[in-house]
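Asker: What follows is a structure written as structure tokens; I'll ask about it next.
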Amino acid sequence: MGMLRNLEIDYSLDIVEEFLSHYSLMCDIIEPLVINLNRPEKYQENIKELFRIYHNIKSAAGYMHLDPIVKLAALAEEVCTEARDIRGPANDKFIDWLLLVADQFSKYKDDLESDSEYFSVLEPLIINIPTKLD
């Protein structure tokens, strides 16, 4: 029995479906927002939206007790909190790091949808948080 099946046992089917639907949608919109962080006119709007998405993922995954997703979302939210204080645009290292994070969220989504027993291993490069964001 995998993670999805366990969620369906612990929570109503409606709650699980709503979580998966919203989580999937948020995963899909992260990458375009990240890519446009290199555009000065889009930076502030997109970094605020990314912060909001990570915050929402953290809250929803926390309710569902999906710790790997919560921890990654909390890390991304914290980095975006710092990034909101700079004018932008984002540098390539920061964008590449955020794309790694987006890929990891997508892996977690695939893990849930395929009813895997465990979440995928965290991409090791995610621990290399860029020190300079712009």
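The values are calculated or read from the model by the stated rules, or taken from the named source; none is laboratory data. In this text the structure is predicted, and so the values were computed from the model without any measurement. Here Cβ is always computed from backbone atoms with ideal geometry, including for glycine, and neighbour counts include all displayed protein chains. Just so you know, the surface numbers come from the protein's heavy atoms only, side chains and all, with ligands and any DNA or RNA stripped out. Shrake-Rupley method; radii C 1.70, N 1.55, O 1.52, S 1.80 Å.
Asker: Please state the charge dipole magnitude for the chain, taken about the Cα centre, from unit charges on C-beta atoms (+1 on K and R, -1 on D and E), reported in debye and rounded to the nearest 20.
Answerer: 580
Asker: What ranking of Asp10, Asp85, Asp103 comes out by heavy-atom accessible area, probe 1.4 Å, highest first?
Answerer: Asp85, Asp10, Asp103
Asker: Another one. Can you tell which of His22, Ile86, Leu50 lies farthest toward the positive end of the dipole of region 13-91, using +1 and -1 charges on the Cβ of basic and acidic side chains (Lys, Arg; Asp, Glu)?
Answerer: Ile86
Asker: Between Ser114, Ser12, Ser21, find the one with the highest GNM mean-square fluctuation for the chain; connect C-alpha pairs within less than 10 Å.
Answerer: Comparing Ser114, Ser12, Ser21 in the GNM, the peak value goes to Ser12.
Asker: How large is the accessible surface per residue of the chain, computed with a 1.4 Å probe and reported in Å² as a whole number?
Answerer: Value returned for the chain: 56 Å² of accessible area per residue.
Asker: Further question on the same structure: What are the lysines whose alpha-carbon lies under 22 Å from the alpha-carbon of Lys58, with same-chain residues fewer than 8 places away excluded?
Answerer: Cα-Cα hits under 22 Å: Lys48, Lys71, Lys107, Lys109.
Asker: Related question: Quick check: the angle from helix 92-113's long axis to the longest principal axis of the chain, C-alpha only, nearest 10 degrees?
Answerer: With both axes taken from Cα atoms, the answer is about 10 degrees.
Asker: If you fit an axis through the alpha-carbon atoms of helix 40-63 and take the longest principal axis of the Cα set of the chain, what angle between them do you get, 0 to 90°, nearest 10?
Answerer: Approximately 20 degrees, to the nearest 10.
Asker: Taking the chain as a Gaussian network, Cα atoms linked when under 10 Å apart, which of Ile95, Ile29, Ile53 shows the biggest mean-square fluctuation?
Answerer: Ile29
Asker: What percentage of the solvent-accessible surface of the chain, computed with a 1.4 Å probe over protein heavy atoms, is contributed by carbon and sulfur atoms?
Answerer: 52
Asker: Moving on. Over region 81-134, what is the relative contact order in whole percent, taking alpha-carbon pairs under 8 Å and six or more residues apart?
Answerer: 57
Asker: Per residue of region 23-29, what does 6.51 cos²θ - 1.76 cosθ + 1.60 with θ = phi - 60° give for ³J(HN,Hα)? Whole Hz please, x for Gly and Pro, Karplus curve as stated.
Answerer: Per-residue couplings from phi come out as 4, 4, 4, 5, 4, 5, 8 Hz.
Asker: Still on this structure, please answer the following. Given R₀ = 35 Å, what would the calculated FRET efficiency be for Glu82 paired with Ser114, taking r from the Cβ atoms and rounding to 0.05?
Answerer: After rounding to 0.05, the efficiency reads 0.55.
Asker: Which value at 222 nm does the chain reach when only helices count, each DSSP H run of 4 or more adding -39,500 (n - 2.57), with the total divided by all residues and rounded to the nearest 500 deg cm²/dmol?
Answerer: -24000 deg cm²/dmol
Asker: Between Asp14 and Ser59, what length in nm is gained on full extension when 0.36 nm per residue of separation is reduced by their alpha carbon distance?
Answerer: That pair, Asp14 and Ser59, stretches by 14.5 nm at full extension.
Asker: Same structure again: Return the Rg/Rh value of the chain, two decimal places, where both radii are evaluated on C-alpha atoms and Rh is the Kirkwood radius.
Answerer: My calculation puts Rg/Rh at 1.00.
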